[in-house]
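The values are calculated or read from the model by the stated rules, or taken from the named source; none is laboratory data. Source: prediction; values computed, not measured. Cβ placement follows ideal geometry from the backbone for every residue including glycine, while neighbour counts extend to all protein chains displayed.
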Amino acid sequence: MHTVLPTQALAAVATVVASLIAAAVAFVNLTLTKELKTSEFRQAWIDALREDLAKFLGAARAFARAVEEVHTYGPNYKEKVPLRIGDDKIGELRYQAAETLSRIRLRLNPDEPEHEELLRLLIKAVRIQNEVLANGCAVQPALDAIEAANEYARPVLKKEWRRVKAGELPFRIVRNWLAPTIVILSITFLIFMWNGAFKI
């Protein structure tokens with residue numbers, strides 16, 4: 001046999017349920033705030049990585065072209081190449097490439113296979129370029145290695161962007177499951193309270 005809950009018991013149940021809902025809402029807000037901040041940091045990381053990759057690849061390509069001029073025109077290349085890169089600029093390009101490669105290495109996650117492969121391609125480009133500089137061989141392999149790293153970097157950055165767009169895993173769980181569940185339970189409870197259907 002069902003009996004209607006007394007007014008005090010109903011008020012107590014309503015208070016407990018309201019407290020649980022408030023706690024759940026606070027938890028949802030805290031999780032969403034934290035994960036949104038994590039996504040902001042990840043987006044800033046992507047932007048910084050993209051900028052460093054562009055600087056490194058641009059400097060490496062320009063340096064390879066400068067080396068190519070020396071190999072093509074010999075010791076007197078300065079008189080033969082009107083738009084040549086100056087010696088000061090070449091030194092600056094080498095320093096920029098080394099500095100940005102160090103930053104890229106620190107930004108990449110060693111636990112991510114794609115990040116490790118990207119770093120391997122970048123280091124390979126540097127190694128080939130050093131061989132070209134030391135041995136006076138053709139510069140095209142260095143340019144090819146730089147282009148291979150550039151092409152590989154694009155899907156890596158795109159994958160990270162998709163991760164930001166989708167949100168972190170806790171954010172997705174809260175957004176897709178917990179928040180709707182709280183809303184549904186709250187509405188259900190209010191309907192039961194409104195209709196006086198809470199019986200034991």
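Look through Glu99, Glu40, Glu117 and report the one residue that is within 20 Å of Lys158 (Cα to Cα) and at pLDDT 90 or above. Write out each step before concluding.
Working: Glu99 fails: within 20 Å of Lys158 (Cα to Cα); Glu40 fails: at pLDDT 90 or above.
None of the other options fit; the residue is Glu117.
Output the number of residues of the range 148-173 satisfying the condition of being at pLDDT 85 or above and either of a type in the set (Val, Ile, Thr) or under 30 Å from Glu40 (Cβ atoms) (or both).
Within the range 148-173, the first condition is being at pLDDT 85 or above, and the residues that meet it are 148-159.
With the extra rule that they be either of a type in the set (Val, Ile, Thr) or under 30 Å from Glu40 (Cβ atoms) (or both), the set shrinks to 149-159.
Number of matching residues: 11.
Of everything listed in (1) surrounded by fewer than 16 Cβ atoms within 10 Å (Cβ to Cβ); (2) at pLDDT 75 or above, the single unmet condition for Ala145 is (1).
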